[in-house]
1. Give a quick list of chymotrypsin sites (Phe, Trp or Tyr not before Pro) in the range 5-64 that DSSP marks as loop, anything other than H, G, I, E or B, with at most 15 other Cβ atoms within 10 Å.
2. Assuming 0.36 nm per residue, please report the length gained on full extension of the stretch Asp159 to Glu31 beyond their Cα-Cα distance.
3. Between the range 183-207 and the range 65-144, what is the C-alpha centre distance in whole Å?
4. State the extension gain, in nm to one decimal, for the chain segment bounded by Ser51 and Lys77, taking 0.36 nm per residue of separation less the distance between their alpha-carbons.
5. Which entries in the list Lys66/Lys124; Lys47/Lys154; Lys47/Lys124; Lys124/Lys154; Lys66/Lys154; Lys52/Lys124 go over 25 Å, if you measure between the two C-alpha atoms of each?
6. Across the range 201-207, in residue order, what do the Karplus-derived ³J(HN,Hα) couplings come to in whole Hz, using 6.51 cos²θ - 1.76 cosθ + 1.60 with θ = phi - 60° and x for Gly and Pro?
7. What residues qualify as long-range amide H neighbours of Arg128, i.e. H under 5 Å apart, gap of 5 or more or another chain, H built at 1.01 Å from N?
8. What is the sum of charges, Lys and Arg at +1 and Asp and Glu at -1, for the other residues whose Cβ falls under 13 Å from the Cβ of Arg186?
Amino acid sequence: MRLLDVDTLQLQEFYDHNVPDYAILSHTWQEEEATLQDLTNPASATKEGFSKIRACCAQAIRDGYKWIWVDTCCIDKTSSAELSEAINSMFLWYQQSSVCYAYLEDLPPQSPGDLDPRRFMSSKWFTRGWTLQELIAPGLVEFYDQSWNEIGTKLSLCDLIHQTTGIRHEILSGHLSLDSVTVAERMSWAATRNTSRLEDIAYCLLGLFDIHMPLLYGEGTRAFNRLQKEIIRSTEDLSILLWTFSEPTCQAPGVLAPTPAAFQHIIVLDIHKQALGILYRNWEVVQSPIIVNKDREVFSRDFKSSGHTFHHQM
């Protein structure tokens, strides 16, 4: 991975066990973000994105870190191979960081100890697909307003974050591992989030399910379909099939959900109860509810609506 020297703004590559301690930035992209190529181009020094990078460096220096990682400038996005490797590694990079600075660019300056909960919870940062893994993966997440005033941590703001995201306190505090939470529940965390590119709503979730797969920009919604197939191949958790319709439909549904939004109304019960959730749908599942043969990659379900029975096989 490439890291940025906080003193010189020079990039350096590190491999495996040679990676030093580093801080990592979580933010929402704006216009004029500074790219890897911009770091060596003096004409780009006035880009607005540089002020964010410099402020991040300044915070890292105050915290005693020499290196930071910022997605805008530490990945060569002109290389599709490097971009694919980086996105498949990103959850791990956030997880292994010493601290994650979550910069809420749309949150006005807050008075020390007097955070406006409404402003915090309505930040755009909580609506983006990529920031979901950036919230969950790091052990320490520090939140900053637009003036880089620290307003709290993932732990100290746990109640507000839970209210905003629906993510359990136990996950936010690190007392519960991701693999102990059902696939459907993890999908529900992304139900109201969005990405600029259709494919990214799948790619931004790779780390949450410990999935590695090639990036194919241009495949559109098929990316999310491909992600679900990979999840089914890698786990026995069939809660991935407990998705619901956001609107009534007269067409036979497929086996796989069209988007993470289909998991929005999954109701997750207490961890000690056997029931995983309540499934609200306009279709009544009849005959064999779920037939899954992972070896043959055949998935089928029967549905009944308005007196008609449909069989879907993929």
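1. On the way: sites: Phe14, Tyr15, Tyr22, Trp29, Phe50; in loops: Phe14, Tyr15, Tyr22, Trp29.
The qualifying sites are Phe14, Tyr15, Trp29.
2. Values: separation 128, 0.36 × 128 = 46.08 nm, distance 3.18 nm.
So the chain would gain 42.9 nm between Asp159 and Glu31.
3. 16
4. 7.3 nm
5. On the way: Lys66/Lys124 29 Å; Lys47/Lys154 30 Å; Lys47/Lys124 22 Å; Lys124/Lys154 17 Å; Lys66/Lys154 23 Å; Lys52/Lys124 17 Å.
In this structure, Lys66/Lys124; Lys47/Lys154 lie more than 25 Å apart at Cα.
6. 5, 8, 5, 6, 9, 3, x
7. When sequence neighbours closer than 5 places are left aside, the close amide H contacts are Asn194.
8. -2
Every number in this text was worked out from the coordinates using simple rules, so none of it is lab data. Every value quoted in this text rests on a predicted model; they were computed, and no experiment measured them. Ideal geometry is used to build each Cβ from the backbone, glycine not excepted, and the neighbour counts take in all protein chains shown.
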